[in-house]
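Down below is the structure, laid out as structure tokens.
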Amino acid sequence: MPGGDPGGSVAAVAAPAPVPHRWQRYVALGDSLSEGLCDPSPPGAAHPWRGWADRVAEGLAGRAARLDEPFTYANLAVRGRLLRQIVEEQVPLAIEQRADLVSLIGGGNDVLRPGVDVDAVSAVLEDAVARLTGSGATVLLSTSYDPRLAPLVRRTRGLAAIFTANVWSMARRHGALVLDLWGMAALQDRRMCAEDRIHLTAEGHRRVAAQALDLLGVGGDEGWATPLDPAPAGTRAQAWRQDAAWVRTHVVPWVGRRLRGRSSGDGLPAKRALLAPVTPSGAGATAGPPRQAPTGDEERITSGD
């Protein structure tokens, strides 16, 4: 063999290790999950909620600072948005700002709607993914959260599973990354839910961010997939009282908004409309003191809105 050794064998040459992508312009798109509801921001922050996307941006900013590279972040997510609203209102702005990393997480509110065509919703999402990847951005998607233990919405589990399968398929076709919320056993623990039993707590957001940072090659906090220790057993009477309070405080107002055609996000602006620098921090910094959960217009399936 030309160029080989005298014995005819070819010396093995190790392939170079892949170089982690160094994103400089991250834009988060979506609804309440990406807006960060029920994960309180540190004192003095411009927005009351932090959330997994902010935590990811802080982790990416930390890596950029260590490499002495620029990094900016925008978050266009608004609670209550349906997927078509996210695609029509937010995707063009991400492309306009030349985002090189986009998290596009939505569809959970759609899955809750009676008579929803999940395949049609998925087609809207895939069209947006194609537009974003065509602009040169890396796209981060998310599966649905598995609602098998969620009160009231467990009936949507089949629809959520179809949506999740579609997300994995479109990600393969377009080279997108996928947050596997369906497979996060820890999210089945009610203690990961805020008072409204819809949105994630600060710990839930921390774990989702840690998985995202692992996917992005930055490395998140250890143990994000580890379930919590068993909770102390409560009495049936306590459970009934808690359920009654939850229905009165959160379910009834949610139904009222549905009947009036309203959303908790009506009239709200984007959380962080323009790309701007982020203060670097660890991927899993501790959140501030707990606040009362909002009167959620969203479900924690995939998008949390």
In the range 77-129, what residues are within 25 Å of L274 (Cβ to Cβ) and among the hydroxyl-bearing types (S, T, Y)?
S103
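Matching residues to (1) of a type outside the set (A, V, I, L, M, F, W, C); (2) within 20 Å of the chain's Cα centre (by Cα); (3) on the phi > 0 side of the Ramachandran plot:
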| site | (1), (2), (3) |
| --- | --- |
| L37 | no, yes, no |
| G51 | yes, yes, yes |
| A57 | no, yes, no |
| L60 | no, yes, no |
| E69 | yes, no, no |
| Q90 | yes, yes, no |
| S103 | yes, yes, no |
| G115 | yes, no, yes |
Quickly run through the range 200-218 and pick out the residues that are closer than 20 Å to V139 by Cα and part of a loop (DSSP other than H, G, I, E, B).
L216, G217, V218
Every residue from the range 71-95 that is hydroxyl-bearing (S, T, Y) and surrounded by fewer than 24 Cβ atoms within 10 Å (Cβ to Cβ)
T72
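What tally of residues in the range 186-199 results from selecting those that are of a type in the set (D, E, K, R) and not in a helix (DSSP H, G or I)? Please lay out each step first, then the result.
Our first condition is that a residue be of a type in the set (D, E, K, R); within the range 186-199, this holds for 189-191, 195-197.
After this cut, where a residue has to be not in a helix (DSSP H, G or I) as well, the list is 189, 195-197.
So the count comes out to 4.
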R113 passes all but one of (1) under 30 Å from D146 (Cα atoms); (2) among the basic types (K, R); (3) modelled with pLDDT of 95 or more; which number fails?
(3)
Conditions (1) surrounded by fewer than 19 Cβ atoms within 10 Å (Cβ to Cβ); (2) within 20 Å of A28 (Cβ to Cβ) -> G158 fails only (2)
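Which one is modelled with the lowest pLDDT, of the residues in the range 148-185 that are assigned to a helix (DSSP H, G or I) and touching a helix residue (DSSP H, G or I) at 6+ places or on another chain (Cβ under 6 Å)?
Step one: list which residues in the range 148-185 are assigned to a helix (DSSP H, G or I), which gives 153-174, 185.
Next, only the ones that are touching a helix residue (DSSP H, G or I) at 6+ places or on another chain (Cβ under 6 Å) stay: 156, 159-160, 162-163, 166, 170, 174.
Numbers: T156: 90, L159: 96, A160: 95, I162: 97, F163: 97, N166: 98, M170: 98, H174: 98.
Restricting to residues being assigned to a helix (DSSP H, G or I) and touching a helix residue (DSSP H, G or I) at 6+ places or on another chain (Cβ under 6 Å), the top hit is T156.
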Among residues belonging to the range 44-70 that are crowded, with 24+ Cβ neighbours inside 10 Å and among the basic types (K, R), point out the one that is nearest to L216 (Cα to Cα).
R55
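Looking at P280, P227 in this structure, which one is surrounded by fewer than 20 Cβ atoms within 10 Å (Cβ to Cβ) and modelled with pLDDT under 80? Let's see the steps before the verdict.
Working: P280 fails: modelled with pLDDT under 80.
The unique qualifying residue is P227.
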List the pairs whose first member sits in the range 15-31 and is over 14 Å from D54 (Cα atoms) and loosely packed, with under 14 Cβ neighbours inside 10 Å, whose second member is modelled with pLDDT of 95 or more and of a type in the set (S, T, N, Q), and whose Cβ atoms are under 7 Å apart, counting only residues at least 6 apart or on separate chains?
H21/T138
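Evaluate the following for S41: is it at pLDDT 85 or above, crowded, with 19+ Cβ neighbours inside 10 Å, in contact with a Lys or Arg (Cβ under 6 Å, 6 or more places away or on another chain) and small (G, A, S)? Can you show your working first?
Details: at pLDDT 85 or above: yes; crowded, with 19+ Cβ neighbours inside 10 Å: no; in contact with a Lys or Arg (Cβ under 6 Å, 6 or more places away or on another chain): yes; small (G, A, S): yes.
Judged against the criteria, S41 is not a match.
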All conditions in (1) part of a helix (DSSP H, G or I); (2) at pLDDT below 95 are true of P6 except (1)
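Got a sec? Which of D127, D110 is surrounded by 24 or more Cβ atoms within 10 Å (Cβ to Cβ), within 17 Å of R84 (Cα to Cα) and out of contact with any strand residue (DSSP E or B) (no Cβ under 8 Å at 6 or more places or on another chain)? Give the steps one after another, and end with the answer.
Numbers: D127 fails: surrounded by 24 or more Cβ atoms within 10 Å (Cβ to Cβ).
So the residue among D127, D110 that is surrounded by 24 or more Cβ atoms within 10 Å (Cβ to Cβ), within 17 Å of R84 (Cα to Cα) and out of contact with any strand residue (DSSP E or B) (no Cβ under 8 Å at 6 or more places or on another chain) is D110.
The values are calculated or read from the model by the stated rules, or taken from the named source; none is laboratory data. The shown structure was predicted, so the numbers you read here are calculated from the model rather than taken from an experiment. Positions of Cβ are generated from backbone atoms using ideal geometry, with glycine treated the same way; all protein chains shown enter the neighbour counts.
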